[in-house]
Amino acid sequence: MRSIIYFIISFAILTTGCKTKEDPIGYIGTAEFYAKGIINNKSVLIEAGNNNFIMQTENGKDSLNINTYTGSLVSTCANCKEKLSITIRNFEIGNTSNWLLDSVFKQGIIYSYYKDELPPSAYKIILKNESVGIGNVDYKWDFGDGFGSLSTDPEFVFKTDGKKNIKLTADFKDVNCSSTIETPVYIDGNNLNGYIDYTYQNIGNNVFRCNVINADSSTHKFVWQYLNQTNSFPKGNYFDLPAFANEGVYKVDLLAINKSTNDTTLVSKNLATAANTNCVSNFSYSLIPIRDTLQFNKVIIDYTAPDGTYYSSKYLEQFTGFVIQEITNYKDMVTVKKTIKVKVLFTCNVSDGTTTIELKDINAVFAFSY
């Protein structure tokens, strides 16, 4: 059976809001772009070139100013309203104000669906090991709740904010020495870059100058605890720990107390008084808010039923699988745009805001130009 597939490749010129359209391209043979599976408990087969369906692609930006890439199987007959679209948005949040674009299409990973809203629902912590010592060393991390890592600089995802206790043990095997540091990490989704910390520097004669980060004496009271001593320092952001009589490794705690709310933040570090110590464990960290605990890549499925009812996955938050199985270059391209074929497999729910239906075991091939 001979089929004619028409491809309308369009893209958004973001600075002007205009779109350009390629002339339809004839194709003879098996349909290259299709979607088959179960929609609302009924078997569905949509093919470009059959029953007035064509393939459309476009790109643009969404309400969060993220680049989007959409492929659609669209019916063109006057009384036919059915349409199935896939929009892929790839991004990673570098911090709460800057968005860092990721690469666009990746094969063999699990994408997800989500509502078009912020704030994030999970937090990736990136840990930097600052342990120092002699010889071979094994590291053991404990993130709480039975989770841990043996990596030097691990990453981990917390699904909620609040206080998280992190413990690092460094086992320096060549000198038969083990060092442990345990300190809480406070995750605040509204102020991820504002976590309280301190740095330290040996300024001579075993005196350490400590500088507080992301807090000051106008908002906080600082209490230093070391060598079974407690020393309050209400003025300024730095404090000189009195000289340690002996060389060694000492645990120093900074307790920061918010003057308005009385909320407390504890920061613990190991300070080594020797110039070349054999055995000290320490770490620092950074936080990245993310929407999805598995991937940063996002997908929206839109479906218009034959009766014209519009359904979308963007009304629902769900971490069910959308898998890209294959990516191949396509021979017909929009000028100065790359066009690819993407084979996908997915199951998800879509809603019109009131009623939810299921798109189940959808095997499909779409085109994207970007």
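In summary, Thr265 fulfils each of the numbered conditions (1) over 32 Å from the mean Cα position of the chain (by Cα); (2) closer than 16 Å to Thr183 by Cα; (3) in contact (Cβ under 8 Å) with a residue 60 or more places away in the chain with the single exception of condition (1). If the condition is being touching a residue at least 40 places away in the same chain (Cβ under 8 Å) and surrounded by fewer than 15 Cβ atoms within 10 Å (Cβ to Cβ), then segment 131-153 contributes Ile134, Gly135.
For segment 56-90, taking the residues that are of a type in the set (D, E, K, R) and within 19 Å of Ile327 (Cα to Cα), the one that is modelled with the lowest pLDDT is identified as Arg89. Of the residues Asp302, Asp332, the single one that is modelled with pLDDT of 90 or more, assigned by TED's automatic domain parsing to the domain that holds Leu84 and not hydroxyl-bearing (Ser, Thr, Tyr) is Asp302. Would you please name the residue that is farthest from the chain's Cα centre (by Cα), looking only at residues in segment 197-222 that are loosely packed, with under 14 Cβ neighbours inside 10 Å and not β-branched (Val, Ile, Thr)? Top of the filtered list is Asn205. Asn193 meets each of the listed conditions (1) polar (S, T, N, Q); (2) out of contact with any Pro (no Cβ under 6 Å at 6 or more places or on another chain); (3) modelled with pLDDT of 90 or more apart from (3). Considering only residues that are buried (at least 17 other Cβ atoms within 10 Å of the Cβ) and of a type in the set (Gly, Ala, Ser), look in segment 259-287 and name the one that is farthest from Leu227 (Cα to Cα). Restricting to residues being buried (at least 17 other Cβ atoms within 10 Å of the Cβ) and of a type in the set (Gly, Ala, Ser), the top hit is Ser281.
Quick one: is Lys124 buried (at least 17 other Cβ atoms within 10 Å of the Cβ), touching a residue at least 60 places away in the same chain (Cβ under 8 Å) and among the charged types (D, E, K, R)?
Values: buried (at least 17 other Cβ atoms within 10 Å of the Cβ): yes; touching a residue at least 60 places away in the same chain (Cβ under 8 Å): yes; among the charged types (D, E, K, R): yes.
Taking the combined requirement at face value, the residue satisfies it.
Going residue by residue through segment 9-27, is there one that turns out to be at negative phi, at pLDDT below 90, surrounded by 15 or more Cβ atoms within 10 Å (Cβ to Cβ) and of a type in the set (Phe, Trp, Tyr)? Yes, some residue in segment 9-27 is at negative phi, at pLDDT below 90, surrounded by 15 or more Cβ atoms within 10 Å (Cβ to Cβ) and of a type in the set (Phe, Trp, Tyr).
The values are calculated or read from the model by the stated rules, or taken from the named source; none is laboratory data. Since we're looking at a predicted model, the values are computed, not measured. When we count neighbours, we look across all protein chains shown, and the Cβ atoms used for this are built from the backbone with ideal geometry, even at glycine.
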